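What follows is a single structure, written as structure tokens, with notes after it.
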Amino acid sequence: MSFLRPKSKIDEGDTVILFLGVNSMHTIQATPTVVNRKGEEVEHIFQTSFGALKIRSIIGVEYGSQVKLSKGWAYILQPNPQLWTQTLPHRTQIIYPPDISMIIHQLDLYPGAVVVESGTGSGSLSHFLLHAIKPSGYLHTFDFHEARAKQAQDEFQSHGLGDFVSVYNRDVCQSGFGSDLDGKIDAVFLDLPAPQLAVPYAVKAFKNQGGRFCSFSPCIEQSQRCCEALKEHGFTEIQSLEILQQENQVKTKTLPVINLDFVKHKKLLDSPAQEKHLPSKDVVKVVTTFTPSTHTGHTGFLTFATLPPIFAR
């Protein structure tokens, strides 16, 4: 029940984040024992770069506590969508927070919204969507890969989110979202190779008042085909964006400063030879930021659109 609501102490079975540093975090299950390759039940010990952690020792400990490792220490944190995205097991290429933040904003999500997502993949975006729409909203997420859909469903259950999501194993480009969802959806998100094939099914799924649509595509040609399909089916406010994150570097820089005392005294000196005894310049150290010499490369194109009420089915 790690993701459902804030809690103070770690219970057995919780998913927790072992925080070693901003670039070193691990997801672990708070289970005292595990089954090894031989089928034997053994003590659950997690190995890190700072030594081993006996998982039994963290059950009942407060979240945020510092725990001792055999060669150092770490913090135990309660997971949230941001930390989960940084530590989840990758079954597919995932969407990261810079894109996710724009998706959540542009889809105009709120607690109580009903959302369709396809495909589920590793569940990175799914956890953010659930965080935005619970406790009264609902997520219908689709993946054509049966094993991935089953694994995602198991994760949602173990994270305490099973009451807010249904996972379907279906190719929505061929079969749509199902007639049960017709006229019940507020927002649609697609991460598909051919999103234009799912646009007609999205039109049927939207409520009578319409809704917001988003598609993630790594190639501009996919985005173009999606835009054409959106226009053909009555969508408005169609736009494609690319989100690139830039992290400025903080450095201390030494800057020269003119010595005004030198200028003043120079006018009063009897002999030019005396100038060498007065410094002409001082220096000052300032903390400033620099843009990096290299920038993040291409991530993907986000295509957004609105289905007005007049076209909703």
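The values are calculated or read from the model by the stated rules, or taken from the named source; none is laboratory data. The shown structure was predicted, so the numbers you read here are calculated from the model rather than taken from an experiment. When we count neighbours, we look across all protein chains shown, and the Cβ atoms used for this are built from the backbone with ideal geometry, even at glycine. These area figures cover heavy atoms from the full protein model, side chains too; ligands, DNA and RNA do not enter into them. Shrake-Rupley method; radii C 1.70, N 1.55, O 1.52, S 1.80 Å.
Going by accessible area, probe 1.4 Å, with all protein chains left in place, what is the ranking of ARG5, ARG91, largest first?
Working: ARG5 150, ARG91 55 Å².
Largest to smallest exposure gives the sequence ARG5, ARG91.
Going through (1) 1.41; (2) 1.06; (3) 1.10, the figure that equals Cα Rg over 2.2 N^0.38 Å as computed for the structure here is (1). Helix 146-158 axis versus longest C-alpha principal axis of the chain: approximately 70°, rounded to the nearest ten.
LYS231 to SER175: FRET efficiency via 1/(1 + (r/R0)^6), r the Cβ-Cβ distance, R0 30 Å, to the nearest 0.05? According to the calculation, E is roughly 0.80. Multiplying the residue separation of LYS150 and ASP182 by 0.36 nm and subtracting their alpha-carbon distance yields 9.1 nm. Remark: the chain carries 55 Å² of accessible area per residue (probe radius 1.4 Å; ligands, DNA and RNA excluded).
Beta bridges from DSSP with both residues in the chain: antiparallel share about 70 percent, rounded to the nearest 5. Each residue, HIS105 and LYS68, gets one label point 7 Å from its Cα in the Cβ direction; the gap between the two is 4.6 nm.
Using just its DSSP H runs of length 4 or more, each adding -39500 (n - 2.57), the chain gives a mean residue ellipticity at 222 nm of -6500 deg cm²/dmol after division by all residues. Each Lys or Arg adds one and each Asp or Glu takes one away; over the other residues whose Cβ falls under 14 Å from the Cβ of ARG56, this sums to -3.
Could you order GLU146, GLU43 by accessible surface area, starting with the largest, using a probe radius of 1.4 Å? The partial results should precede the final answer.
On the way: GLU146 135, GLU43 65 Å².
Largest to smallest exposure gives the sequence GLU146, GLU43.
Counting 0.36 nm for each residue step from ARG91 to THR289 and taking away their Cα separation leaves a gain of 67.6 nm.
In this view, the solvent-accessible surface of MET25, computed with a 1.4 Å probe and all protein chains in place, comes to about 30 Å².
What FRET efficiency would be calculated for the residue pair VAL42, SER8, taking the C-beta separation as r and a Förster radius of 30 Å, to the nearest 0.05?
Calculated value: 0.55.
Got a sec? What order do VAL116, VAL286 fall in by accessible area at 1.4 Å, biggest, i.e. largest, first? Please list the in-between numbers first.
Values: VAL116 0, VAL286 50 Å².
So the residues, ranked largest to smallest area, are VAL286, VAL116.
Please give the contour-minus-distance gain from LYS251 to ALA194: 0.36 nm per residue of separation, less the Cα-Cα distance, rounded to one decimal in nm. All intermediate terms of the calculation are to be shown ahead of the outcome.
Details: separation 57, 0.36 × 57 = 20.52 nm, distance 4.51 nm.
16.0 nm is the gain from fully extending LYS251 to ALA194.
Over the chain, with a Gaussian network built from C-alpha contacts below 10 Å, which listed residue (HIS298, HIS127, HIS233) shows the highest mean-square fluctuation? Highest fluctuation among the options: HIS298.
Phi angles of the stretch 66-81 translate, via the Karplus equation with coefficients 6.51, -1.76, 1.60 and θ = phi - 60°, into HN-Hα couplings of 8, 10, 8, 9, 5, 10, x, 8, 8, 10, 9, 10, 6, x, 9, x Hz per residue; Gly and Pro are given as x. Proximity of backbone amide H atoms, modeled 1.01 Å from N, is registered between TYR168 and THR141, PHE142, ASP143 at under 5 Å, excluding neighbours fewer than 5 places apart on the same chain.
Rolled with a 1.4 Å probe across the full set of protein chains, the surface gives HIS131 an accessible area near 120 Å². Listed values for the stretch 11-20 are Karplus-derived 3J(HN,Hα) couplings in whole Hz (6.51 cos²θ - 1.76 cosθ + 1.60, θ = phi - 60°), namely 9, 4, x, 5, 8, 10, 9, 8, 9, 9, and x replaces Gly and Pro.
3J(HN,Hα) along the stretch 195-202: x, 4, 6, 9, 4, x, 6, 5 Hz, from the Karplus curve 6.51 cos²θ - 1.76 cosθ + 1.60 with θ = phi - 60°, whole Hz, x for Gly and Pro.
The magnitude of the dipole of the chain, with charges of +1 and -1 set on the Cβ of Lys/Arg and Asp/Glu and taken from the Cα centre, is near 1040 debye. Using heavy atoms of the protein chains and a probe of 1.4 Å, the accessible area assigned to GLU155 is about 20 Å².
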